[in-house]
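**Student:** Please read through the structure below; I'll follow up with questions.
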Amino acid sequence: MGSTHARALARSGSEVELAAVVEPSDEVAARLGASLRRFRDTSELLAWDGVDGAIVAVPTRLHRDVVSQLLDSGLPVLCEKPCGLTSAETAAVAERARASGLRLHIGYWRRFVPGLRELQARIASGALGEVEAVLCVQWDEQPPPPCFRDPSSSGGIVVDMGVHEFDQLRWLTGQDVVEVTGVASSVCSAPPVEGDPEGVSLAVRLSGGATGLVSLLRRHPPGDLCRVEVIGTRSVAGLAFVAPPDGEETLLDALRAQAKDFAAAIRGAASAGATVTDAARVLEIAERCKLHAQPDQY
Ligand SMILES: NC(=O)c1ccc[n+]([C@@H]2O[C@H](COP(=O)([O-])OP(=O)(O)OC[C@H]3O[C@@H](n4cnc5c(N)ncnc54)[C@H](O)[C@@H]3O)[C@@H](O)[C@H]2O)c1
């Protein structure tokens, strides 16, 4: 994800400049290009006085420590979702942000997709009537490597993938997610990853009375697909905002817009991004999700 941010920022014009990268792996750093200033750890970066803020895309299990180190040293942070493995970790980070008085944004990039922003505004205006049901689909082309999928590193599928949908449901509808229950697929890739099923189907209840359906899949051979459908009492609306064969442009545009929003917020502007309070709530929802697995499977 860090290299995806780097690709997005390479075309961000003069508003946001990628000044340096922290990457412990020589192999990954080499792929980012020799022209980029590179540090091996966060302390090296902090000893250099050349940045106004940091985008954190380390493995989720490291979010809390890396974000805390940056905030404690005076750097505003845009942290990738979910900002910690648990809501308790997110709350600890939120406390550091409050104490430092610095901006801490969370990278729920869908909030910067123009079609979704339009949909959010239509729902808020009442153009669809009362929201009755929402369908959210997130199907990835390929599962990430087993070391990433390990729940002790990524949180497992409901945390790792589900948080995008929970944040989207809350932001789009203006309603909270009050209940989530679901079933896990027992179809296995090779090798299966304990605690991270290939797919889950979730049923959601929203605070305004609407229901939601969330489908998460780690493998969708045609390519990455993200889709949302909203059914209101007056009208309906839907959008496949990431679709095969190449959904990356949507992501890159949104990451660029998100980084510009972060930069403007550091200079004092209001932000359209997700807050750490949003992130903590979304993780709480993921933690409360009752997931029924196939017996003995996961
Ligand atoms: N918003 C999205 O759509 C999206 C998509 C993918 C991943 N992510 C998030 O991005 C984060 C990273 O995911 P990924 O798929 O890139 O993982 P990854 O394991 O592929 O990459 C993580 C990178 O961080 C480096 N790293 C490890 N420790 C570090 C440290 N202390 N300081 C700096 N770099 C360090 C690793 O060497 C590696 O290159 C995760 O939290 C994940 O949830 C978000």
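**Student:** At 0.36 nm per residue, minus the direct Cα-Cα distance, what do Ser271 and Thr181 gain on full extension? Give it in nm, one decimal, please.
**Tutor:** Values: separation 90, 0.36 × 90 = 32.40 nm, distance 3.21 nm.
Once the chain is fully extended between Ser271 and Thr181, it gains 29.2 nm.
**Student:** Skipping prolines and chain starts, which residues have an amide H placed within reach, meaning under 5 Å, of the one on His105, given they are 5 or more residues away or on another chain?
**Tutor:** Placed amide hydrogens put Val77, Leu78, Cys79 under 5 Å from His105.
**Student:** Further question on the same structure: Calculate, in nm to one decimal, what Thr211 and Glu17 gain on full extension: separation in residues at 0.36 nm each, minus their alpha carbon distance.
**Tutor:** Details: separation 194, 0.36 × 194 = 69.84 nm, distance 4.19 nm.
Working it through step by step, the gained length comes to 65.7 nm.
**Student:** Taking amide hydrogens as modeled 1.01 Å from N in the peptide plane, which residues meet the under 5 Å criterion relative to Gly208, leaving out close sequence neighbours?
**Tutor:** Excluding prolines and chain starts, which carry no amide H, the hits are Asp176.
**Student:** Can I ask one more? Measure out, as a whole number of angstrom, how far apart the alpha-carbon centroids of segment 132-157 and segment 178-245 sit.
**Tutor:** Value for the Cα centre distance between the two parts: 10 Å.
**Student:** Starting from the Cα of Ser43, step 7 Å along the direction of its Cβ; do the same at Ala240; then give the gap between the two resulting points in nm.
**Tutor:** Here the answer is 5.0 nm between the modelled labels.
**Student:** Also, I was wondering about something else. Between segment 1-51 and segment 110-125, what's the alpha-carbon centroid distance in Å?
**Tutor:** The distance from the Cα centre of segment 1-51 to that of segment 110-125 comes to 31 Å.
**Student:** Nearest 5 is fine: what % of DSSP beta bridges in the chain come out antiparallel, could you say?
**Tutor:** Working: 30 of 49 bridges.
Expressed as a percentage, antiparallel bridges in the chain total about 60.
Throughout, read-outs are computed from the coordinates displayed, never taken from laboratory work. Bear in mind that the values here come from a model prediction, so they are computed numbers and not experimental data. FYI the Cβ positions are ideal-geometry reconstructions off the backbone, even for glycines, and counts take in every protein chain you see.
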